[in-house]
1. Just checking: which of the helices (runs of 4 or more DSSP H) contained wholly in region 41-144 hold 2 or more residues that are among the charged types (D, E, K, R), in the same structural domain as L21 (by TED's automatic domain parsing) and more than 24 Å from A9 (Cα to Cα)?
2. Name the residues in region 78-127 that are surrounded by fewer than 18 Cβ atoms within 10 Å (Cβ to Cβ) and touching a Lys or Arg at 6+ places or on another chain (Cβ under 7 Å), would you?
3. Kindly indicate whether any position in region 64-74 is under 24 Å from D47 (Cβ atoms), touching a Cys at 6+ places or on another chain (Cβ under 8 Å) and surrounded by fewer than 15 Cβ atoms within 10 Å (Cβ to Cβ).
4. Need the failing condition index for R26 against (1) closer than 27 Å to V98 by Cβ; (2) charged (D, E, K, R); (3) outside any helix (DSSP H, G or I), just the number.
Amino acid sequence: MDKACFIAAADRQCEQRGVRLTALRRQVLELVLAYPGVVKAYQVLADLQRERGIAAPPTVYRALDFLVEAGLLHKVDALNGYIVCSHVGCCHEGLILVCSECGSVNELDATPALDALREQASLLGFAIGQQNLLLTGQCQACRV
């Protein structure tokens, strides 16, 4: 999905959820979209400061948190960064595949697999929380 289509889908998703994709949130989303894989908050902050002049870290973190909550980004705690959700409009938990060679990132909907794990865990009296899982390995291009 190209950037313009993604932003249009993000607008629709926010409208359906009854929240606003403000100019600042849209700009932060566009900055994240400019990166091919995981982007760190400080990279977004630096880009925003270049474009707007003054921008404080809490401003960027609040915008990133909103975009995660709106289902437009995934926070990848293991990499201390964010990726664009490739399934806009779909409520799911992500399985994030990161190539350890080139850093490319892909996302799968992990909900079915996690539902099966939740069922098994519940037999032991354990409740698994909301997840975005990260797997590292090698992409097809790097395996060649």
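The values are calculated or read from the model by the stated rules, or taken from the named source; none is laboratory data. Keep in mind that what you see is a predicted model, and the values were worked out from it rather than measured. Cβ placement follows ideal geometry from the backbone for every residue including glycine, while neighbour counts extend to all protein chains displayed.
1. Answer list for region 41-144: 41-52.
2. Hit for region 78-127 is N80, nothing else.
3. No, the conditions are met nowhere in region 64-74.
4. Condition not satisfied by R26: (3).
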